[in-house]
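The values are calculated or read from the model by the stated rules, or taken from the named source; none is laboratory data. Quantities reported herein were computed from a predicted structural model and do not represent experimental measurements. We place every Cβ from the backbone using ideal geometry, glycine too, and count neighbours over all the protein chains shown. Heavy atoms of the whole protein, side chains included, go into the accessibility calculation; ligands, DNA and RNA do not. Shrake-Rupley method; radii C 1.70, N 1.55, O 1.52, S 1.80 Å.
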Amino acid sequence: MSAVTAAVSNKDTGASSVPHSPQARRMNLPGTREEDCFSWTYDSAEITTPLMAQEYLQSLLRTRRFDIDHLLQTPAGVEQISWLYEHMRQICIELGFYISMMHKECTERSCPVMRANETTYYCAGHGHPRPCSAIGYAVHTIDYAVQQLSSTSMVVWRAGETSMKHFQSMVRRLYRIFAHAYFHHRELFEQQESATYLYARFVRLARKYELTPESLIIIPDLPAAIEPASKVD
């Protein structure tokens with residue numbers, strides 16, 4: 001049976017793999033059931049390019065999202081700073097979805113200034129720091145982080161103190177988005193954290209690589225699992 005014939009045959013059964021071809025197996029064929037999408041696995045030994053490192057991390061998130069120790073463990077053959085880069089890029093991707101959820105209740109009218117608890121933060125996304133709505137600050141900060149991660153100096157394998165300084169500035173600004181959500185949109189924060197562990201992963205990453213001083217981590221340590229806050233009728 002040819003690979004094409006096998007692919008057509010598997011379409012009817014919802015299978016998402018083509019035999020004897022590792023590359024062909026990693027595709028969601030037409031007709032694949034939602035629960036069977038991305039059902040393939042990666043071996044860390046296969047990581048030979050930056051793109052494969054990103055795909056490997058995303059495969060871990062699909063299967064072991066809540067095992068933060070395992071997620072942060074640098075795969076064999078991958079430089080620590082490269083693994084940090086992949087995590088930061090993935091966190092920015094997920095924060096985009098996070099902000100879209102936050103925008104349902106965090107608007108320019110409800111949160112006209114970026115605050116976390118009693119601290120007000122100025123936004124650097126206007127040419128010079130100035131007050132900005134919380135949702136505007138979040139969007140501008142994600143834009144800044146993506147630009148930094150996409151810059152030539154970061155993409156050409158980012159090693160050395162200069163790169164770490166970029167990460168430190170990025171983490172400090174991104175942290176404020178989580179802090180605003182925690183202190184001013186607690187129910188949303190707890191719902192998102194229960195479903196994704198995104199903040200827990202982010203802060204563990206920051207601590208592992210010493211990207212922010214403890215004095216700037218203002219969200220209390222979270223329990224091992226967060227249950228979504230119950231709605232009040």
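Quick notes
- For C123, nonlocal amide neighbours, meaning residues 5 or more places apart or on other chains whose placed amide H falls under 5 Å from its own, are R130, C132.
- Subtracting the Cα-Cα distance of H126 and Q147 from their residue separation scaled by 0.36 nm leaves 6.1 nm.
- Net charge of the neighbourhood of G125, taken over other residues with C-beta under 15 Å away and scored Lys/Arg +1, Asp/Glu -1, is +2.
- Of the whole protein surface, L216 contributes about 80 Å² of accessible area at a 1.4 Å probe radius.
- Whole-Hz couplings from phi, Karplus 6.51/-1.76/1.60, listed for the range 66-74; x for Gly and Pro: 8, 9, 5, 4, 5, 4, 7, 5, 5
- Overall, the accessible surface of the range 74-114 at a probe of 1.4 angstrom is composed of carbon and sulfur to the extent of 55 percent.
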